[in-house]
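Encoded as C-alpha cells, the structure appears first; notes follow it.
The values are calculated or read from the model by the stated rules, or taken from the named source; none is laboratory data. Quick caveat, the model's predicted, so the values are computed rather than measured. Positions of Cβ are backbone-derived with ideal geometry, glycine not excepted, and every protein chain shown enters the neighbour counts. Just so you know, the surface numbers come from the protein's heavy atoms only, side chains and all, with ligands and any DNA or RNA stripped out. Shrake-Rupley method; radii C 1.70, N 1.55, O 1.52, S 1.80 Å.
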Amino acid sequence: MSEGAAKKEDRRKFQAIRGTRDLLPPETALWNRVEQTAHEVFYTFGFAEIRVPIFEPTELFARAVGSDTDIVSKEMFSFTDPANVIKTLVQDALQAGLGVDVKNIDHAFQSSSEEKVQFISLRPEATASVCRAYIEHGMQQLPQPVKLYYTGPMFRRERPQKGRYRQFYQIGAEVLGGSDAPAIDAEVIEMVMTFFDRLELQGVQLDINSIGCRDCRPKYVELLRAELLKVKDKLGPDSQRRIETNPLRVLDSKLESEQGIIATLPHIADHLCEDCAKHYAEVKHQLQLRGVMYRENWRLVRGLDYYMRTTFEITAQGLGSQNAVCGGGRYDGLVELLGGPPTKGIGFAIGEDRLILSLQESGKAPAPQGRDVYIAWMGERAHATAVRAAKDLRKAGFSVELPPVEQKFGKALGQADKLGARFALILGDNEVASGEWTLKTLADGSQQKLTESQLLDFLRKL
Ligand code: AMP
C-alpha cells in the first residue's frame, strides 16, 4: 500500500457493523427503566438474577436449540479458540509419539478429529446456558423449582431490519426442576404480563398453544406431513422443504398464498395425548384464575426444538411485521438432554429492543431528563462555594451541572437552558458575601433568594 493510501485508510471513519447499533441517551434511560422494572417485578415473583457467559461451546446450542433449526444451522457467530486449537494439536502430536515441531503439528492438524478442537459460538439465546449452569452448579440440590432470570445481548446472523438485529437484547426467565404443574406455566405467563402492564405496553396480545410431548407430537407430525404431501404442489419452496425437515414450521408460514391451505390442516389440540390435553386445559384454567386474557392459536409452534406442551407468544403494537415481543414455553427434556438429571423446565425470552420500540411508538417513553440545577458561578470565592454546593446537592440526589471554568452569567444561563436544566443557581460575590443565593426558575425566569438550607428544603419539596 502506498503511503498516501495508508494515510487515507487511517482516516476512514468507522461505523457500527450492520445489524449492530449504539444505544444512546436519552433512549438509554428508557432501557434502564425497563430493566429496573424487570428486576422489581421478577423479584416479587421470587426470581433471582443469573449472569451467564456471552460465548459457550457451539455444541451446547447445537444440542439444545437443535442443529436443524435456522438459529443453529445458519445464524450463529462461531469461531475456534486458537489457543485451544494449538493445545489440541500439540497434545495429538505428543500422543502420537511425535516431537513437537511445525511439521508434526501440521501432521497432527491433518489427522486431528474435528470434535477435539473447541468450536465456540456467541450465544443466540440463553436458555441453553441457564440449563448448563443449573447442571454445572448442582442446582438440583437447591429447593425446587429454581427460578432464574437474565438480561443481556444475544447474537444471530439474521437479515437486519426494523426490530431485527444481529446483536439484540433479551430479558428472560426460567423455572427449573420440581414439578410441571400447570400453575407454574400460568404464573410464568402472569409474570410477563404483569411486567408489560407495569410498563404500560400497548396492544398486548397473548397467544397460547400446546404442542404435545414426545408421545403424541410425533404422531401429529406424521399426520401433518401426510396432509402436507397431498397439497405439496400448492406450497412455496420453503414449506415444501419443511415437509421433510420440520412440518410443524409450515404452520408458521406468513406466505399469503399458503394461508387457505394451512387453515384446512389438522389441529394439534385434537391430537394431544390424554396427559397433554389435561395439562393444557389446566393451564388455561390457571390463566383464567389469574385474570390473564389469552387467545388460543393452534398455529403457534415456535422455532426451537426444545419446546413441548405449553408454548406462548406475546405481540405488541407499533412493530410492523416483527411484532413478537416475547416467546416462551415448556422444555421438560432439555436439562436431561444436556447431561443433567430429569428436570422440568419452562421459560420465556422478551425481545428488549422490540419492547423499547413499541413503548416509544406509543409515546410511553419518558421525556428526556435535563439537569435539576445548573450552577452559574463567577469569581474565585464563588467557585469554592459552587463546588461545595454541587457536592451537597448531589448528595441529596439532585442532578447538578457545575461548569469547570468561569463563564459570564449570560452565557451560563444560555447553557443551562440548552441542557434543559430546571433551575440555575447563581453564585457571585454578592451571594457569597450575604449567604443568600439566587435561584432562577428557567421555565418562567422568576428568581428567589434562599440560604443554603432553604435551597435544599425548597428542592426537596418539589
Ligand atoms: P426466541 O429466542 O427466538 O424465542 O425470541 C424471543 C424474542 O426475542 C422474540 O419474540 C423477539 O422479540 C426477540 N428476538 C429474536 N430475534 C431477534 C432479533 N434478531 N432482533 C431483535 N429481537 C429478536
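Results, tabulated for the structure shown:
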quantity	calculated
Residue check, ARG290 more than 30 Å from THR194 (Cα to Cα) and under 32 Å from the mean Cα position of the chain (by Cα)	no
Restricting region 302-349 to residues that are of a type in the set (Lys, Arg) and at pLDDT 95 or above, the residue that is least open to solvent (accessible area, probe 1.4 Å)	ARG330
Residues within region 49-78 that are open to solvent by less than 50 Å² (accessible area, probe 1.4 Å) and assigned to a loop (DSSP other than H, G, I, E, B), tallied	6
Filter pass, ARG381 being within 11 Å of the ligand (Cβ to nearest atom) and basic (Lys, Arg)	no
Sole residue being more than 37 Å from the chain's Cα centre (by Cα) and either within 30 Å of MET193 (Cα to Cα) or not small (Gly, Ala, Ser) (or both), chosen from LEU357, LEU413	LEU413
Count - residues of region 1-27 that are surrounded by 10 or more Cβ atoms within 10 Å (Cβ to Cβ) and modelled with pLDDT of 95 or more	6
Residue count, region 114-127 (criterion: within 18 Å of ILE346 (Cα to Cα) and open to solvent by 40 Å² or more (accessible area, probe 1.4 Å))	0
Matching residues in region 133-161 - criterion: being over 18 Å from GLY327 (Cα atoms) and within 16 Å of the ligand (Cβ to nearest atom)	ARG157, ARG159, PRO160, GLN161
Yes/no for ASP215 being of a type in the set (D, E, K, R) and either modelled with pLDDT of 95 or more or touching a Cys at 6+ places or on another chain (Cβ under 8 Å) (or both)	yes
Positions within region 128-144 being in contact (Cβ under 8 Å) with a residue 40 or more places away in the chain and open to solvent by less than 40 Å² (accessible area, probe 1.4 Å), in sequence order	ALA128, SER129, VAL130, CYS131, ALA133, TYR134
Pairs, first over 20 Å from ARG460 (Cα atoms) in region 382-397, second assigned to a loop (DSSP other than H, G, I, E, B), C-beta under 6 Å, six or more apart	ALA382/GLY428
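Every residue, every condition in (1) of a type in the set (D, E, K, R); (2) farther than 30 Å from PRO342 by Cα; (3) at pLDDT 95 or above; (4) touching a Pro at 6+ places or on another chain (Cβ under 8 Å), yes or no:
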| site | (1), (2), (3), (4) |
| --- | --- |
| PHE77 | no, yes, yes, no |
| THR80 | no, yes, no, no |
| ALA83 | no, yes, no, no |
| ALA93 | no, yes, no, no |
| ASP101 | yes, yes, no, no |
| VAL130 | no, no, yes, no |
| GLN144 | no, no, yes, no |
| ARG157 | yes, yes, yes, no |
